[in-house]
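Okay, structure first, notes after.
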Amino acid sequence: MARKSTPKAGQGKQGRVKGRAVGAGRLVVRRETSAYRAVESEQTLRVRAEIDAALENARRTRQEIEAHIESEWQHRTASGVTQAVNRSGFRK
């Protein structure tokens with residue numbers, strides 16, 4: 001018959017977490033959070049500025065493309081009437 005182990009004195013389930021004593025081997029250090037917040041705020045501003053610059057660049061590019069398409073469309077209709085071509089490739 002197997003022997004049952006008896007619990008050792010002072011070791012209950014209340015003072016242990018997953019086989020380790022609570023807080024064993026750990027130093028509790030309270031770090032200054034204002035430095036982290038300042039860095040986070042600075043990074044947030046930098047990222048927002050980069051996003052705004054990218055959006056402005058995208059708007060400018062879109063306007064240039066639309067202007068180019070409009071220019072090509074006007075140039076095509078102003079140069080002469082396009083001839084209608086049916087599916088077989090011959091003029092109507």
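Here Ala24 does not fit the description of being among the small types (Gly, Ala, Ser) and either modelled with pLDDT of 85 or more or assigned to a strand (DSSP E or B) (or both).
Of the set (1) loosely packed, with under 10 Cβ neighbours inside 10 Å; (2) modelled with pLDDT of 65 or more, all apply to Ser41 but (1).
The values are calculated or read from the model by the stated rules, or taken from the named source; none is laboratory data. Bear in mind the structure is a predicted one, so any value in this text is a computation, not a measurement. Here the Cβ is made from the backbone with ideal geometry for all residues, glycine too, and neighbour counts use every protein chain on show.
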